[in-house]
């Protein structure tokens with residue numbers, strides 16, 4: 001797992017190509033992009049609800065942490 005603040009993943013050629021393609025699209029006129037929650041789902045990243053469920057099912061959480069997270073989720 002990468003350390004916090006480690007941005008070395010940005011050097012990945014696939015990601016760099018995607019970023020460049022996105023940049024090229026953004027500089028074209030008369031285009032509007034609406035990007036919001038869930039836009040990274042197609043890249044295989046979990047939605048917040050999926051991530052929350054995964055964390056809640058983790059065996060490394062203390063009972064207190066699990067209770068707090070469950071309460072936040074229920075709100």
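Kindly indicate which of 18, 70, 43, 63 is out of contact with any strand residue (DSSP E or B) (no Cβ under 8 Å at 6 or more places or on another chain) and in contact (Cβ under 8 Å) with a residue 12 or more places away in the chain.
Numbers: 18 fails: in contact (Cβ under 8 Å) with a residue 12 or more places away in the chain; 43 fails: in contact (Cβ under 8 Å) with a residue 12 or more places away in the chain; 63 fails: in contact (Cβ under 8 Å) with a residue 12 or more places away in the chain.
Only one candidate passes the filter, namely 70.
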Item checked: Count of the stretch 48-75 residues which are closer than 26 Å to residue 10 by Cα and touching a helix residue (DSSP H, G or I) at 6+ places or on another chain (Cβ under 6 Å) -> 1
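Here is a yes/no grid of residues against (1) exposed (fewer than 10 other Cβ atoms within 10 Å of the Cβ); (2) on the phi > 0 side of the Ramachandran plot:
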residue	(1), (2)
26	yes, no
31	yes, no
35	yes, no
38	no, yes
41	no, no
45	no, no
53	no, no
60	yes, no
64	yes, no
Notebook entry, point to check: What single numbered condition from (1) loosely packed, with under 10 Cβ neighbours inside 10 Å; (2) at pLDDT 80 or above; (3) part of a helix (DSSP H, G or I) fails to hold for residue 10?
Noted result: (2)
Next item on the list: Please enumerate the residues belonging to the stretch 37-48 that are within 17 Å of residue 19 (Cα to Cα) and in a loop (DSSP other than H, G, I, E, B).
Entry: 39, 40, 44, 45
Checklist line | Top-ranked residue in the stretch 22-32 [being out of contact with any helix residue (DSSP H, G or I) (no Cβ under 7 Å at 6 or more places or on another chain) and in a loop (DSSP other than H, G, I, E, B); ranked as modelled with the lowest pLDDT] | finding: 32
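The values are calculated or read from the model by the stated rules, or taken from the named source; none is laboratory data. Computed from a predicted structure; not experimentally measured. Here Cβ is always computed from backbone atoms with ideal geometry, including for glycine, and neighbour counts include all displayed protein chains.
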